[in-house]
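In what follows, a single structure is set out as C-alpha cells and then discussed.
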Amino acid sequence: MKIIVPVKRVIDYNVKPRVKPDGSGVDLANVKMSMNPFDEIAVEEALRLREKGVATEVIAVSIGPDKAQETLRTALAMGADRAILVVAEDVEPLAVAKILAKVMDEEQPGLVILGKQAIDDDSNQTGQMLAALTGRPQGTFANTVNVSGDEVHVAREVDGGLQTVALKMPAIITTDLRLNEPRYASLPNIMKAKSKPLAQKTPADYGVDVSPRLKTLKVVEPPVRSAGIKVADVDALVAKLKEIGVAA
Amino acid sequence: MDNDIFEQFTEQLRRYIRERLIPAEKEVLETEMIPEAIMAEMRDLGLFGLTVPEEYGGAGMNIQQYIRTMREFSYAAPCFRSVTSINVGMVCSAFKNGGTDAQKAEWLPRLAAGEIASFGLTEPGSGSDSAAMQTTAVKSGNGWVLNGTKRYITNAPFANVALIMARTSKEALPKNAHVSAFIVPMDTAGITVGKSDKKMGQSGSHIADIIMEDVKLPADAILGGEEGKGFAFAMKSLDNGRMSVGAAATGYARRALDSALRYANERKAFGEPIANFQLIQQMLADSEIEIYAAECMLDDAARRADAGENVLRKAAAAKVFASEMCGRVVDRVVQIYGGAGYLAEYDAERFYRDARIYRIYEGTTQILQLQIAKHMLREWAAQA
C-alpha cells in the first residue's frame, strides 16, 4: 500500500510573523521557512505505518514555490521514499485539493495523510475538500490511527473527547497535534535523501486551474492588549465591575 | 559533505538541541548522567560519525563543517558534545592519519555507529612531555603487553575502546619516536577503570583513570602497524582538537549571553528592565563583539586547515582567544544576573563553572602562548 503525504512550506513556527506595512499580507522576506508542523506529524505517521509493514511506500507531495523542494527534502530525510513537487505560487486549498485528487488518481494510494491545517493560513480545508472531491471517507483531527484489513480506524479529537470512526480505504486522514512526536532527520538519512527521486510537475500537467478565487482585502496585526489596573479591595472591584457594566 | 546537506543537518541539530538536549539538562544535573534515550538519539542522528569518511559509514565533514557543528552543538550543556568529541575528534583523526586499511575498516564504522572512544595520553606524572611517559608496551610472542596508568581520561567509565599511547622504547628518542599508539578494546583482561573524578562543572561528562596490568594485545593492535609513530599521530589530531574546544567555548558563550539577554529584559530595577541601563548594555555589547571575533578566528583557521595550510599557530591562537573570551563572557553573565547569578537555582553559576575547563584542556592558555611565541621567534630567526 502507498501512502501520500502532502507537505506545505510555511513560516517557521518559532518566527513571530510581521504584517507588511501596506496590509497586503505577512512579510516573508528573509524569514525562516520550514515544514508545517502538522505535516511533520503526517510524515511521521506514514513512516510508522511503513515500518510496521502496513505500508510499502511513502510519497511526499508539495504544491508550492520552487523552494518547497527544501520541504520535500526534509520529508525525504525523515524517511519518505520519493517526492513530487507541483510548482505553483499562492494556491488556495481548493486548488491544492484538486491537484491532490489527480495525484491520487495516478498513484492509487491506500491512505492520504494530511496535516489538519497549515500554521500560516489556518484554513483547515484541504483534507475535507479532497475527501469530497474524490468521494472517499475522511477521518479528521486524528489522535490514533490503526489499519486493519481494508479498513482504517481513526480516533478523532472532538470537543467531548475521542470519537473513533472506521473508514474503508482508500481514505483521507488529517492529523492532530497528539497523534505522534515526529522524529529528527538523522545525518545519514539527510545524506541518503539527496539521491531519492523528486519529480517536478506543474498544475497544467494535471489539468487543474489554480487561479485564486479569494481576494485578501486587508491583513492587520492582532490588537495589543492594554495593561490592567489594580484595585484596593473587593468593594472597589465590585464598584469597578458595575462601572464598566459587567456586573449589575 | 555538500553544503546543502550540511545546512539541512545544522537546521535539524539546532532544533534537536533546543527541543531535546536543553530540556534534558536538568536531569543530567540531577543524575550526573546523559539519559540513555538521549544517547540512543545522538547515535541515530549520526553525531558520533561527523568526521568519519562516508565510505566508512560516517558523514565525511570537512574541518570547517566539523568546527561549525561543534559550535552549534555547544549551545547545549557541555557533556553532550564531550561524549561524542573523542570519537569525532582525536580518535577518528588518528585512525584517518595513521590507521592501516584493516584498522580503518574495523574501527571507523564502529566509531561512527556510536561506540564510545577514549584517548589515553596523559599520565599521573606526564602530559605533553612525552619523555616522562611511564606506560610501556613490550613485545611478547606475537603480540604486546601493556602496563601503566592513564589519568583524566574523558569517557573512560563508559568507553568501548581506547587509543593508548605507550612507550615502545626505554630510551627517549628524538621526535618522540619512543611512543606508539595502541587500539585497546576496554573489555580486554587486565584493564580497570578508576572512580569517576569529581569536577568543578561539566556535569554528565566523566573522566577517570585507566589502569593497565599485563594487558595482552594482538600484534595488529599497534596503530599503523609500526612502532614510534604514536605521538606524531596524536599531535596531528591536536590542531583539530584545539579548534573544537575553541568552538565549544564560543558556542557556550553564545548560550550564556542569550540567557543574560533574556534575564536583562525580564529583571526590573528602578521600575524598568535592567536591559535599559547602559552599564548592562556595555556588558552585553562587549560579549557580542568578542563572540563574533572568536567565530571569525575559528572560521578562518578551519578554512585554512581545509586548504591544507599548517594551522598550528592559528588553531592555538583561536583556542586561546575563544576560551579566555568565554571566561570573560560567563563572568559578565553572572554579573548581569546579579545576586541570582550566584544561586544554583539559575543557570548563570553553572555556565561560570562549566566554562572554566576550556582555558585548561587541549593545551592550557599558557602552553599555547609558549608555542605561539616559539613559532614566531623561530620564524623571526629564520628570516633574520
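The values are calculated or read from the model by the stated rules, or taken from the named source; none is laboratory data. Since the structure is predicted, the reported quantities are computational estimates derived from the model, not experimental observations. With ideal geometry, Cβ positions are generated from the backbone for all residues, glycine too; neighbour counts draw on all protein chains shown.
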Checked against (1) within 11 Å of chain A (Cβ to nearest Cβ); (2) under 26 Å from B:Arg110 (Cβ atoms); (3) over 20 Å from the mean Cα position of the chain (by Cα), B:Glu7 satisfies every condition except (2)
Those residues of segment A:185-220 which are buried (at least 19 other Cβ atoms within 10 Å of the Cβ) and hydroxyl-bearing (Ser, Thr, Tyr) amount to A:Ser186
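Mind checking whether some residue in segment B:210-220 is among the aliphatic types (A, V, I, L, M), assigned to a helix (DSSP H, G or I) and in the same structural domain as B:Lys314 (by TED's automatic domain parsing)?
Of the residues in segment B:210-220, the ones among the aliphatic types (A, V, I, L, M) are B:210-212, B:215, B:217, B:219.
Of the ones still in play, those that are also assigned to a helix (DSSP H, G or I) are B:219.
Okay, now just the ones that are also in the same structural domain as B:Lys314 (by TED's automatic domain parsing), so none.
Within segment B:210-220 (the criterion being among the aliphatic types (A, V, I, L, M), assigned to a helix (DSSP H, G or I) and in the same structural domain as B:Lys314 (by TED's automatic domain parsing)), the answer is no, since none of the residues qualifies.
So for segment A:198-211 (the condition being within 14 Å of chain B (Cβ to nearest Cβ) and not in a helix (DSSP H, G or I)), does at least one residue qualify?
First pass over segment A:198-211, keeping only residues within 14 Å of chain B (Cβ to nearest Cβ): A:198.
Now narrow it down to the ones that are not in a helix (DSSP H, G or I): A:198.
Yes: segment A:198-211 contains one or more residues that are within 14 Å of chain B (Cβ to nearest Cβ) and not in a helix (DSSP H, G or I).
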Of the residues in segment A:120-178, those that are more than 19 Å from the chain's Cα centre (by Cα) and of a type in the set (Gly, Ala, Ser) come to A:Gly135, A:Ser148, A:Gly149, A:Gly160, A:Gly161, A:Ala166
The number of residues in segment A:150-191 that are within 14 Å of another protein chain (Cβ to nearest Cβ), closer than 14 Å to A:Val43 by Cα and of a type in the set (Val, Ile, Thr) is 0
- With respect to A:Val154, is the statement that it is in contact with a Ser or Thr (Cβ under 8 Å, 6 or more places away or on another chain), touching a residue at least 12 places away in the same chain (Cβ under 8 Å) and surrounded by 11 or more Cβ atoms within 10 Å (Cβ to Cβ) true? yes
Checked against (1) buried (at least 18 other Cβ atoms within 10 Å of the Cβ); (2) assigned to a helix (DSSP H, G or I), B:Ile289 satisfies every condition except (1)
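How many of the residues making up segment B:324-382 are on the phi > 0 side of the Ramachandran plot and not in a helix (DSSP H, G or I)? Show your work before the answer.
Just the residues of segment B:324-382 that are on the phi > 0 side of the Ramachandran plot, to begin with: B:338, B:362-363.
Add one more test, that the residue is not in a helix (DSSP H, G or I), and what stays is B:362-363.
So the count comes out to 2.
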Note on segment A:158-185: residues assigned to a strand (DSSP E or B) and within 17 Å of A:Asp39 (Cβ to Cβ) are A:Ile172, A:Ile173, A:Thr174, A:Thr175
Listed by first then second residue, the pairs whose first member lies in segment B:251-276 and is over 23 Å from B:Tyr75 (Cα atoms), whose partner is polar (S, T, N, Q), with beta carbons under 6 Å and at least 6 positions apart or on separate chains, are B:Pro273/B:Asn265
The condition from (1) buried (at least 17 other Cβ atoms within 10 Å of the Cβ); (2) under 19 Å from B:Ser82 (Cβ atoms); (3) more than 8 Å from chain A (Cβ to nearest Cβ) that B:Tyr56 misses is numbered (2)
Among (1) more than 25 Å from B:Pro35 (Cα to Cα); (2) part of a helix (DSSP H, G or I), B:Ala248 falls short only on (1)
If we keep only residues of segment A:43-87 that are free of Cβ contacts under 8 Å to residues at least 12 places away in the same chain and more than 14 Å from every other protein chain (Cβ to nearest Cβ), then the residue surrounded by the fewest Cβ atoms within 10 Å (Cβ to Cβ) is A:Gly53
When (1) within 12 Å of chain A (Cβ to nearest Cβ); (2) closer than 19 Å to A:Tyr184 by Cβ; (3) crowded, with 17+ Cβ neighbours inside 10 Å are applied to B:Ala40, the one that fails is (3)
Could we say that B:Glu25 is away from chain A (no Cβ under 11 Å), of a type in the set (D, E, K, R), surrounded by fewer than 22 Cβ atoms within 10 Å (Cβ to Cβ) and within 26 Å of B:Lys314 (Cα to Cα) here? no
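Can we say A:Glu70 is out of contact with any Cys (no Cβ under 7 Å at 6 or more places or on another chain), outside any strand (DSSP E or B) and closer than 22 Å to A:Lys16 by Cβ? Steps first, answer last, please.
Working: out of contact with any Cys (no Cβ under 7 Å at 6 or more places or on another chain): yes; outside any strand (DSSP E or B): yes; closer than 22 Å to A:Lys16 by Cβ: yes.
The answer is yes for A:Glu70.
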The lone condition B:Ile67 fails out of (1) assigned to a loop (DSSP other than H, G, I, E, B); (2) crowded, with 24+ Cβ neighbours inside 10 Å; (3) away from chain A (no Cβ under 11 Å) is (1)
Being within 14 Å of chain B (Cβ to nearest Cβ) and of a type in the set (Asp, Glu) narrows A:Glu92, A:Glu107, A:Glu40 down to just A:Glu40
